[in-house]
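Working notes, beginning with the structure itself.
The values are calculated or read from the model by the stated rules, or taken from the named source; none is laboratory data. Nothing here was measured: the structure is a model prediction, and the numbers come from that model. Every residue, glycine among them, receives a Cβ derived from its backbone with ideal geometry; neighbour counts consider all protein chains shown. Each accessible area value is taken on the protein alone, full model and side chains, heavy atoms only, with ligands, DNA and RNA left out. Shrake-Rupley method; radii C 1.70, N 1.55, O 1.52, S 1.80 Å.
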Amino acid sequence: MAALDPRQLPVRLDLAPAESGLGFALRALRANGIAFEQGMRWLDLERHRPLDHQTVLRIAWALNVDASLLGPRLVMQDSSRPGWVQYAGMRFRRQVATNRLYAKVCPQCLRRHGVTKLSWQLRAAVGCAEHGYSLIWMCPQCGESIGWNRPDVDICRCGRHFGGERAAPLEPEVQAWLSWLEGSMTNTLPPPSPALPAAMLHLSVDGAFRIIEALGLCEVPGSSVRSALSRCKTPRGLGAVVQRGLQRLSAIEADAGVAMRLSGVANQSALAQIAADAAAEEDRALAWWLIQSMRSGIDPGSTRAGSRPRGQLPLFIA
């Protein structure tokens, strides 16, 4: 296309199962001979801002795709709650589902499927559930961070295909977490895994990740939250946080007294934020229970979900 007029792309592509909206835009523009950055200007799409409904309709028409299928795959405004966005039909805090992150990928998935996955845009996605390795955020060939402005979904800005040696396999807890995450995003949840806390059956994706991150962020008592956050900016670093958080929540489920012993490492400010403003009532109730247990040293015995026997974590199980 010599001129980018406000018209539909002539070559029409279909959305792939579990494909991200940004990834589809990259594929559709590439199929029509348009560079991604040039296409973003043509679509007037600012990636750092959540989209409103009218913008999604306009972009879907230009990309020649059904807006009802594309919209849930883009980070959209949640007009009812400041600081929240809608993604994949779910509610997330803006920092959990964001367009501003680097474009994490699994090279094996790109070679096999040729699409970027919906879940990769979440901070919670630290690895690939299918292949069992961390996602990469830097090109193994040129060493630069992976961006959306690239020749194709499986080609870096340097012009070479993503590849290189595989990273170390993911830990069992992280692998189970990713399988749960992928299943939650696509409504294909796997059977409950013994590697995951039982609470996962009842939490939203946003709430589960934020609670696990709050529990696993700091490795030892007295650690600076800011320093801990700076160490987990990569998928591998955040994967270590997820593993610790899952192990600690499982330990609390087995013995409620563990919560008090973790009060020195848990990010209680983050838990308080969830208790004050959560995606789901179950997220709020669990965060509230954890805070009370850490402050008092005893099992509160009840939450907003109702009374439970003393000594047991209230997991909202009838």
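Checking His202 against (1) at pLDDT below 95; (2) assigned by the TED database to the domain that holds Val241; (3) open to solvent by less than 40 Å² (accessible area, probe 1.4 Å), which test does it fail?
For His202, the exception is condition (3).
Residue by residue through the stretch 273-295, note down the ones that are open to solvent by 20 Å² or more (accessible area, probe 1.4 Å), touching a helix residue (DSSP H, G or I) at 6+ places or on another chain (Cβ under 6 Å) and in a helix (DSSP H, G or I).
Of everything in the stretch 273-295, those that are open to solvent by 20 Å² or more (accessible area, probe 1.4 Å), touching a helix residue (DSSP H, G or I) at 6+ places or on another chain (Cβ under 6 Å) and in a helix (DSSP H, G or I) turn out to be Arg284, Trp288.
Only one of these is under 24 Å from the mean Cα position of the chain (by Cα), over 30 Å from Tyr133 (Cβ atoms) and at pLDDT below 95: Leu315, Leu229. Name it.
Leu315 is the lone residue from the list that is under 24 Å from the mean Cα position of the chain (by Cα), over 30 Å from Tyr133 (Cβ atoms) and at pLDDT below 95.
Among the residues that make up the stretch 68-79, is at least one of them among the acidic types (Asp, Glu), within 23 Å of Asn32 (Cβ to Cβ), open to solvent by less than 70 Å² (accessible area, probe 1.4 Å) and without any contact (Cβ under 8 Å) to a residue 60 or more places away in the chain?
So far as the stretch 68-79 goes, no, none of its residues is among the acidic types (Asp, Glu), within 23 Å of Asn32 (Cβ to Cβ), open to solvent by less than 70 Å² (accessible area, probe 1.4 Å) and without any contact (Cβ under 8 Å) to a residue 60 or more places away in the chain.
Just for the stretch 162-195: of the residues that are under 17 Å from the mean Cα position of the chain (by Cα) and part of a loop (DSSP other than H, G, I, E, B), which one is surrounded by the most Cβ atoms within 10 Å (Cβ to Cβ)?
Only one residue tops the list, namely Leu170.
Need at least 1 residues that are under 19 Å from Thr116 (Cα atoms) and within 20 Å of the chain's Cα centre (by Cα) per element, so show me which helices (runs of 4 or more DSSP H) inside the stretch 19-81 make the cut, counting only ones lying wholly within it.
Result: 21-31, 67-70.
Hey, does the stretch 108-125 have a residue that's open to solvent by 50 Å² or more (accessible area, probe 1.4 Å), among the basic types (Lys, Arg) and either in the same structural domain as Asp277 (by the TED database) or more than 13 Å from the chain's Cα centre (by Cα) (or both)?
Looking through the stretch 108-125, at least one residue is open to solvent by 50 Å² or more (accessible area, probe 1.4 Å), among the basic types (Lys, Arg) and either in the same structural domain as Asp277 (by the TED database) or more than 13 Å from the chain's Cα centre (by Cα) (or both).
Check the stretch 2-13 and report whether any residue there is part of a helix (DSSP H, G or I) and either modelled with pLDDT of 90 or more or farther than 21 Å from Val115 by Cβ (or both).
No.
For the stretch 82-129, what are the residues that are in a helix (DSSP H, G or I), out of contact with any Lys or Arg (no Cβ under 8 Å at 6 or more places or on another chain) and free of Cβ contacts under 8 Å to residues at least 24 places away in the same chain?
If the condition is that a residue be in a helix (DSSP H, G or I), out of contact with any Lys or Arg (no Cβ under 8 Å at 6 or more places or on another chain) and free of Cβ contacts under 8 Å to residues at least 24 places away in the same chain, then Arg112 is the only one that fits.
Can you name the condition, by its number, that Arg47 falls short on among (1) under 30 Å from Thr234 (Cα atoms); (2) modelled with pLDDT of 90 or more; (3) not β-branched (Val, Ile, Thr)?
It is condition (2) that Arg47 fails.
Please specify each residue of the stretch 221-251 satisfying the condition of being in a loop (DSSP other than H, G, I, E, B) and either of a type outside the set (D, E, K, R) or open to solvent by less than 40 Å² (accessible area, probe 1.4 Å) (or both).
Of everything in the stretch 221-251, those that are in a loop (DSSP other than H, G, I, E, B) and either of a type outside the set (D, E, K, R) or open to solvent by less than 40 Å² (accessible area, probe 1.4 Å) (or both) turn out to be Pro221, Gly222, Ser223, Ser224, Cys232, Thr234.
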